[in-house]
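J.: Sending over a structure as structure tokens; questions will come in a sec.
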Amino acid sequence: MEGQRRGPVSLRDRLRYRFDSTLARSTGRLVAWLAVTCLGIVVPASAAMVWTDPSSPRSLAGRLTAVWRISAETLRLGAVSGAPLRMLLSVLLGLVALLYVSTLIGLITTALTDRLTELRRGRSTVVETDHSVVLGWSEQIFTVVGELVTARADQRWGAVVVLADRDRTEMEEALAAVLGPAGTTRLICRSGSTADPDALRLVSPGSAHSVLVLPAARDAETVRTLLALRAVLGTHPGPPVVACVRDERHRTAARLAAGPRGVVLESDRTAAGLIAHSALHPGLTPALRELLDFDGDEFHLVAAPEPAGRRFGDVLLDCATAAVAGVVRADGTPVLNPPPHTVLAAGDRLVVVAPDDAAVRWDDGGRHVDPSAISGGGFADEPSRLLLLGWNRRAPHLVDQLRRAGRPGSVLHVVTDPCEQAPPLTLPEPRRPPEHADGLVVTFGAADPTDPASLRALDPASYDRVIVLGPAHGEHADRPDDHTLVVLLLLRSLAQEAGREVPVVAELADERNRALAPLGPDSEAVVGGRLTGLLMAQVAQNGHLAAVFEELFAAGGSALRLRPARRYVAAERPASFATVVAAARERGECAIGYRCRDPTAPAAHRVRLNPAKTDARVWSDADGIVVIVTDGPTAGAAEGGGPPTCHGERVDVP
């Protein structure tokens, strides 16, 4: 195609082009143009000053000399007059002085700029002791740092140091924007690779109180970080290390790299367990958040009361300022919710839920128990029909948890998008062998949950609970909450059409989207990353409780449950919390709090852990008691802890 013919070029454009080309050739030409420009301005201006001055010399030579002096003083080239040789030498000395001063200023400016850039990058060594070190940057960063700041609020000079392969200023601004003022705790950010030993030395891990390794995009990076940390510490045992991996296959390698003082969590399995708990026991998530964060009551270890030989069941009522949940034997073995007749030996410590680990006050709690208010009827759990919408890498763990915790006769229908990869029929093996032969039946189907017609055909109102997972593939893989919010909107609309509210448990990736989720009164959103971050912070600050949390969240052991209050006390009549504790003790459980389902009650008072034993209230059918139970042969009938049977056939979508 023939190009367009160029029109005539103006003189202004030609001169500008010549000027630009000249400046681009070399630094010398740029200096020459600057000199010509300065002379072109200074000399005419000096001449105008001389010729307009009535006191200037009358002769031309005198006026030219005056012009020279003004120009030389302006350009700092000296003002020597006389023979031309003297004037040239003056110009030479002035140029040398100007070159020296300019070079010196340039060197100082460059050095200061480099230093400021180095400081901005965060490459100076942190000189701190007893500080918390956070390695990496993930969705848990704000939760972990926020909880560490809260835990150190009572310290005069606490410090939390973050090392990540990001710009230091960006990290500081992001943390300040989300967390706000840190009070007396100093937030220190350093930039560098967490797998680089030189970068790890900047945060002084050897003198730290604890080190937390956040989950990386790949678990191999987490293992490399732990190996680099061991290389920096050398033979020094170092502080307790809490790391988190996404895939169970890398947990063993991470444990070996973390060393004897390391604790390694699994984010996927932990998040799946929390979702399963929320699905099987609606309303439990707020209690979990309350138990795991540092703003309120959490787990502590306290000395068992003297003398030794008391029974655990008596201690449950006699602890006036804390809720007793278990015991840690003298050898460090945790036993949550032991049988009431368990005898406490010398050196045992109690696991309690309390605001802090201050001295526990003991009292005779039995006198606050009203035996006539204890409910004597039995309550059998009914089978459940569960609907799971979506599939991602946490889904196999979720199905595994539901299989082993589901009540006998329960059904789980898994629905995946036809465009997604079908779920594997072989699910993860449980870490502890189940004790029973009855359990959950799992079936599979295919449908697009974002399509109103397909979702209506599933008839969500016919299920007892609906679980929504974010996608792992497709256009919403990077922003899974967008997909989840659309599904929740459709479920909410179908619930209004059917006139029946079905509890929904939705998995969200971003805590900020919790406020956007269109959930009903009995539904809740589970942000697995946040709860995992809370767990990491708890273990980091209370390393001696690592085994307790491991026991609490492990499948087949002790577990947190939310059960109707009518199981323990008579409805619509006043009863003290000591009465609730006594009723739970008779059922082989530890009551540590309650949840009020009254929608008119403030949100801050709906979940209360460790209420005073003397607190009395009228318990309604909607209230729930937070208890710690033990899954085992004796709990099978009530808990449905039998081994599930998983059928691999696919069924047609209704």
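J.: Can you give me the ranges of the strands (runs of 3 or more DSSP E) entirely in region 490-575 with at least 1 residues that are among the aliphatic types (A, V, I, L, M), outside the structural domain of Arg456 (by TED's automatic domain parsing) and closer than 19 Å to Gly273 by Cα?
T.: Result: 558-564.
Residue by residue, here is whether (1) of a type in the set (S, T, N, Q); (2) at pLDDT below 90; (3) surrounded by fewer than 17 Cβ atoms within 10 Å (Cβ to Cβ) holds:
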site: Asp165; (1), (2), (3): no, no, yes
site: Thr169; (1), (2), (3): yes, yes, yes
site: Glu172; (1), (2), (3): no, yes, yes
site: Arg186; (1), (2), (3): no, yes, yes
site: Thr194; (1), (2), (3): yes, no, no
site: Ala208; (1), (2), (3): no, no, no
site: Ala217; (1), (2), (3): no, yes, yes
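J.: Confirm whether Ala287 is touching a strand residue (DSSP E or B) at 6+ places or on another chain (Cβ under 9 Å), small (Gly, Ala, Ser) and closer than 25 Å to Glu507 by Cα.
T.: The answer is yes for Ala287.
J.: Can you name every residue in region 326-344 that is part of a loop (DSSP other than H, G, I, E, B) and among the β-branched types (Val, Ile, Thr)?
T.: Thr333, Thr342, listed by residue number.
J.: Of all residues in region 576-619, count the ones that are over 34 Å from the mean Cα position of the chain (by Cα), part of a strand (DSSP E or B) and either at pLDDT below 90 or over 17 Å from Ala323 (Cα atoms) (or both).
T.: Residues in region 576-619 being over 34 Å from the mean Cα position of the chain (by Cα), part of a strand (DSSP E or B) and either at pLDDT below 90 or over 17 Å from Ala323 (Cα atoms) (or both): 3 in total.
J.: A follow-up question, please. Taking the conditions exactly as written (surrounded by 21 or more Cβ atoms within 10 Å (Cβ to Cβ), closer than 30 Å to Pro396 by Cα and within 20 Å of the chain's Cα centre (by Cα)), does Arg269 satisfy them or not?
T.: yes
J.: Can you find a residue in region 108-125 that is closer than 30 Å to Val245 by Cβ and at pLDDT 75 or above?
T.: Within region 108-125, one or more residues are closer than 30 Å to Val245 by Cβ and at pLDDT 75 or above.
J.: Looking at Leu226, Leu187, Leu148, Leu163, which is the one that is over 14 Å from Ala243 (Cα atoms), hydrophobic (A, V, I, L, M, F, W, C) and in a helix (DSSP H, G or I)?
T.: The match here is Leu148.
J.: To continue, here is another question. Given the options Arg63, Arg14, Arg58, name the one that is out of contact with any Leu (no Cβ under 7 Å at 6 or more places or on another chain), at pLDDT 75 or above and surrounded by 12 or more Cβ atoms within 10 Å (Cβ to Cβ).
T.: Arg63
J.: Return the pairs, sorted by first residue and then second, in which the second residue is basic (Lys, Arg) and modelled with pLDDT of 85 or more, the first residue lies in region 256-279 and is under 16 Å from Glu551 (Cα atoms) and in a strand (DSSP E or B), the beta carbons are less than 8 Å apart, and the residues are 6+ apart or on different chains.
T.: Val264/Arg251; Val264/Arg255; Glu266/Arg246; Glu266/Arg251
J.: Which of the residues that make up region 392-441 are crowded, with 22+ Cβ neighbours inside 10 Å, modelled with pLDDT under 85, of a type outside the set (A, V, I, L, M) and more than 27 Å from the chain's Cα centre (by Cα)?
T.: Within region 392-441, Arg403, Arg404, Gly406, Gly439 meet the criteria.
J.: Then there's this: Sort out which residues of region 213-255 are over 22 Å from Asp198 (Cα atoms), more than 20 Å from the chain's Cα centre (by Cα) and not small (Gly, Ala, Ser), and write them in order of number.
T.: Arg249, His250, Thr252, Arg255, listed by residue number.
J.: State whether one or more residues within region 80-102 are at pLDDT 70 or above and among the hydroxyl-bearing types (Ser, Thr, Tyr).
T.: yes
Condition check ((1) crowded, with 19+ Cβ neighbours inside 10 Å; (2) outside any loop (DSSP other than H, G, I, E, B); (3) of a type outside the set (A, V, I, L, M, F, W, C)) across all residues:
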position	(1), (2), (3)
Leu291	yes, yes, no
His300	yes, yes, yes
Pro305	no, no, yes
Gly309	no, no, yes
Val324	yes, yes, no
Ala346	no, no, no
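J.: Sort out which residues of region 319-363 are more than 13 Å from Leu301 (Cα to Cα) and without any contact (Cβ under 8 Å) to a residue 24 or more places away in the chain, and write them in order of number.
T.: The answer is Asp331, and nothing else.
J.: Take Ala253 and tell me if it is in a helix (DSSP H, G or I), over 16 Å from Phe553 (Cα atoms) and of a type in the set (Gly, Ala, Ser).
T.: Here the answer is yes, as Ala253 does meet what is asked.
J.: As an exercise: evaluate Ser523 against (1) surrounded by 22 or more Cβ atoms within 10 Å (Cβ to Cβ); (2) under 30 Å from Val351 (Cα atoms); (3) among the polar types (S, T, N, Q) and give the number of the one condition it does not meet.
T.: Of (1) surrounded by 22 or more Cβ atoms within 10 Å (Cβ to Cβ); (2) under 30 Å from Val351 (Cα atoms); (3) among the polar types (S, T, N, Q), only one is false for Ser523: (2).
The values are calculated or read from the model by the stated rules, or taken from the named source; none is laboratory data. Given the structure is predicted, the values throughout are model-derived calculations rather than measurements. Please note: Cβ atoms are built from the backbone with ideal geometry, for glycine as well, and neighbour counts cover all protein chains shown.
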